[in-house]
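The values are calculated or read from the model by the stated rules, or taken from the named source; none is laboratory data. Predicted model only: the values in this text are computed from it and were never measured. Cβ: placed from backbone, ideal geometry, glycine included. Neighbour counts: every protein chain shown. Heads up: the accessible areas ignore ligands, DNA and RNA and are worked out on the full protein's heavy atoms, side chains in. Shrake-Rupley method; radii C 1.70, N 1.55, O 1.52, S 1.80 Å.
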Amino acid sequence: MLQRFIPLLCMTFFICLFIVLMQFLWRYLDDLVGKGLDIGLIGELFFYAALTMVPQALPLAVLLASLMTFGNLGEKFELTAMKAAGISLIRIMRPLIIFMTLIAIGAFFFQNNVLPIAQTKMWTLLFSMRQKSPEVEIPEKAFYDQIPGINLYIDHKNKETGMLYDLILYDVSKGFDNSRIILADSAKLSFTEDKTHLFLQLYQGEMFENLRDQSLGNNASKNMPFRRESFPAKDSYIVFDANFNRMDDSVMRDQYVGKDVLQLRQSIDSIGHRLDSIGDIYGTELKNQKLLNVSSTYDAALKAEQSAASDPIDIDSLFGNPPSQAASYINLAVSKAKRQKQDFEYKTLILKEEAKLMRRHDIELQRRFTLSFACLVFFFVGAPLGAIIKKGGIGTPLVISVFLFIVYFIFDNMGYKMARDGKMIVWQGIWMSSAIMLPLGIFVTYKAMGDSAVFNTDAYTAFFNKLRGRRPKRSLSLKEVVITEVEQEKAISMIDSLEKTADVSQDTTNRLNTLIDYLSNTRDIRMIRLLNRLPFEVTKRTLPQVKETLALMKGLTDGTITEIPGDNSSES
């Protein structure tokens, strides 16, 4: 079993990892393209990204590999042979259960020890790449604005020599009041050796520059006349750092993505204490704040003990003042209420940010355990399901795996967002997807151990028809060859006996089925139509119908009736 399972697990794992890496590439493609990054640097980023994507790829690989393994065994009847030899499904799965337990333990240590380092390195590299200046590639007949403070336009260029022709340069790096415009017939652009400046060689051009009058100060609205310069050749340096500057990863290590279980628990405790202390301080301030000279703890029993200076203000006396003075008091009160509202909103925002930070730490803490549990759950879904479906290869297992994983991913993403936003308790949101898949694993394992036909469409159709009150109908027809002819006296005796003693019991149902088997050899199409009216089981609901049909059958057999009520067929 291990020889069959391990190669499939390795193959499916690398396939799934490649797929999620392609998703990562498309997501951050704009941050990587056009930066002139070294191939080794991109390879390092993808290595750390691959380690970060393991929690997404491993459960899907386990599900797909277990489906393929047991599907191949079922398709080649090896699973049937082992069961025929007295080996139960759990015993067949035992080596893989032990192996998956070891993988789950290893997944926990990977999540706790390797993943924080990989996430720290990956996000540090990605942020450093985002801040790197793009590679200078000036297009023809279009303005290029990727150089800070510079807009550059060229009519055409020589790709072999690197010469730029009919150049227009707008330099606003010192502000629009001190802008500079350069026109040149040709130019050549290159980097300095340290790649911190652009070296621009200009030929046969003119320069126009505004000269701001510094003596008028920053508030001056007038500029001095611009300066015009013609030149046969001119060199210009432009500040442009093209080097890759790697950020220090110590900042990222202090974030929740770079901590292990112990550090996350310590951070959650410290953030919780800080959140409680801030809440207590804000609550005390709000409780002790007086409105209209009345504190929130004002009580009628204490009114007699208060001095006259602390008595509540008589609001009605406010409107006895002149209108202008009353309006100023009201405006002052409104502005004070607005300031207090803004203060409360600011304090609420601080508390929300602290609570959100604690939830993010708690989410990372819970995710240190979910990968291990998800691997076990997906194995107990995939292995029994493969034994039931009995389809090998990669076609059917891939379709089922993708469908199940999409369901898991949707609930996992939904639970994560609800836990992050505080709409659900963190552990409930993070474990929601695993809790939904666990009953499925228990169900298919139970069915596979009992060799139940989970995918028998007839059984499900009958079940839903029973729920809707629709009962299955018989579909008897005239036999082309009748071996046992129906005897009239025997048929009348059986019908009469059953009609007199019919009740809601299993014995009546068995006798009815015996009668139907005997009368199905009739050569009368009318009798066949009456037999098709009889139900498969005698219940309180169907008993009147059974008795009525038996009476019609008796009359048709002894010749007392020739036509069946409700039968509009013209066949005889």
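Table for the structure above
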quantity: Which numbered condition M93 misses (of (1) modelled with pLDDT under 90; (2) open to solvent by 50 Å² or more (accessible area, probe 1.4 Å); (3) not polar (S, T, N, Q)); calculated: (2)
quantity: Matching helices (runs of 4 or more DSSP H) fully within the range 1-78 where at least 3 residues are within 23 Å of the chain's Cα centre (by Cα) and farther than 22 Å from T370 by Cβ; calculated: 2-27
quantity: Restricting the range 385-432 to residues that are among the small types (G, A, S) and under 30 Å from E354 (Cβ atoms), the residue that is surrounded by the most Cβ atoms within 10 Å (Cβ to Cβ); calculated: G429
quantity: Which listed residue is at pLDDT 75 or above, surrounded by 14 or more Cβ atoms within 10 Å (Cβ to Cβ), touching a strand residue (DSSP E or B) at 6+ places or on another chain (Cβ under 9 Å) and among the small types (G, A, S), from S267, S190, S186; calculated: S186
quantity: Any hit, the range 75-95, residues being in contact with a helix residue (DSSP H, G or I) (Cβ under 8 Å, 6 or more places away or on another chain) and aromatic (F, W, Y); calculated: no
quantity: Residues of the range 96-118 satisfying the condition of being open to solvent by 40 Å² or more (accessible area, probe 1.4 Å) and under 17 Å from A448 (Cβ atoms); calculated: I97
quantity: When residues of the range 491-510 are limited to those that are without any contact (Cβ under 8 Å) to a residue 24 or more places away in the chain and over 56 Å from the mean Cα position of the chain (by Cα), the one least open to solvent (accessible area, probe 1.4 Å); calculated: S497
quantity: Selection from the range 511-536 of residues that are aromatic (F, W, Y) and without any contact (Cβ under 8 Å) to a residue 40 or more places away in the chain; calculated: Y518
quantity: Selected residue (only one of K423, K417 is assigned to a helix (DSSP H, G or I), among the charged types (D, E, K, R) and under 30 Å from D362 (Cα atoms)); calculated: K417
quantity: Near pairs, Cβ below 8 angstrom, 6+ apart or cross-chain, from the range 62-86 (closer than 19 Å to C10 by Cβ and among the β-branched types (V, I, T)) to any residue that is open to solvent by 10 Å² or more (accessible area, probe 1.4 Å) and at pLDDT 85 or above; calculated: V62/L9; V62/I103; T69/M1; T69/R4; T69/L8
quantity: Some residue of the range 515-524 being open to solvent by 10 Å² or more (accessible area, probe 1.4 Å), in a loop (DSSP other than H, G, I, E, B), under 16 Å from I561 (Cβ atoms) and among the hydroxyl-bearing types (S, T, Y); calculated: yes
quantity: Of the criteria (1) in contact (Cβ under 8 Å) with a residue 60 or more places away in the chain; (2) open to solvent by less than 70 Å² (accessible area, probe 1.4 Å); (3) of a type outside the set (V, I, T), which one K121 fails; calculated: (2)
